[in-house]
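The block underneath contains the structure these notes are about, expressed in structure tokens.
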Amino acid sequence: MKSIRTLVSMTAVSAETGERIGRVKGVNVDRLLLRVTGLWISGRLGKASFYPGESILLLGERAVMILGDRCKKESGHKFAIRPAFNCAGEMIGAVTNAYCDEETLLIECLEVGLDVFSDIARGRRLHRLYTVNEKTGDTVIYEEKEGRR
């Protein structure tokens, strides 16, 4: 699994030529937080270009392999911190990160932080079972706790 936060500032490399394209500036995900839909990559002059998920070959340890051309139309929304609720509708924290598969780009789990002190003392929790309200963008977590980070 690859953290979406660690993707930002990674080097992007063309799989065809082996040349450096630029650095990842942002990650787009679909509205339901199921898949990475593309990456914003800054070029040599600082202008960012959007590369759709179909052109992302692999998310490596140190670089992102891109196979294909940039796209004029972006898809999805930039990943951002959003509130997390339990099934009773009570706010339990905020979704601070997501982890995706390196090859399929499917989001496998979400990282939820409670507050600064709890995060430092106990770590953030990882959750695999969740859903997203399409209208509000709020995330509902079904599991009590999956793991700690």
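The values are calculated or read from the model by the stated rules, or taken from the named source; none is laboratory data. Because the structure is predicted, anything quoted here is derived from the model rather than measured. Please note: Cβ atoms are built from the backbone with ideal geometry, for glycine as well, and neighbour counts cover all protein chains shown. Surface areas here come from the heavy atoms of the whole protein model, side chains and all, with no ligands, DNA or RNA. Shrake-Rupley method; radii C 1.70, N 1.55, O 1.52, S 1.80 Å.
If you go through segment 17-31 and keep only what is open to solvent by 80 Å² or more (accessible area, probe 1.4 Å) and touching a strand residue (DSSP E or B) at 6+ places or on another chain (Cβ under 9 Å), you end up with E19, R20, R23, K25, R31.
The residue that is farthest from E111 (Cα to Cα), counting only those in segment 128-141 that are open to solvent by 50 Å² or more (accessible area, probe 1.4 Å) and in a loop (DSSP other than H, G, I, E, B), is K135. For A88, the conditions (1) out of contact with any strand residue (DSSP E or B) (no Cβ under 9 Å at 6 or more places or on another chain); (2) outside any loop (DSSP other than H, G, I, E, B); (3) not basic (K, R) are fulfilled apart from (2).
The set of residues from segment 24-82 being part of a loop (DSSP other than H, G, I, E, B), farther than 19 Å from E102 by Cβ and free of Cβ contacts under 8 Å to residues at least 40 places away in the same chain comprises G43, R44, L45, G46, K47, D69, R70, K72, K73, A80, I81.
If you check R82, R148 for being basic (K, R) and either in contact with a Ser or Thr (Cβ under 6 Å, 6 or more places away or on another chain) or at pLDDT 90 or above (or both), only one passes: R82. When L58, L34 are screened for being open to solvent by 60 Å² or more (accessible area, probe 1.4 Å), at pLDDT 90 or above and not polar (S, T, N, Q), only L34 passes. Considering only residues of segment 69-127 that are more than 21 Å from M1 (Cβ to Cβ) and among the basic types (K, R), which is most open to solvent (accessible area, probe 1.4 Å)? If we take residues in segment 69-127 being more than 21 Å from M1 (Cβ to Cβ) and among the basic types (K, R), then K72 is most open to solvent (accessible area, probe 1.4 Å). Among the residues of segment 1-23, write down those that are under 12 Å from the mean Cα position of the chain (by Cα) and in contact (Cβ under 8 Å) with a residue 12 or more places away in the chain. M1, K2, S3, I4, R5, L7, V8 - these are the residues of segment 1-23 that are under 12 Å from the mean Cα position of the chain (by Cα) and in contact (Cβ under 8 Å) with a residue 12 or more places away in the chain.
When A94, A80, A88 are screened for being of a type in the set (G, A, S) and touching a Lys or Arg at 6+ places or on another chain (Cβ under 8 Å), only A94 passes.
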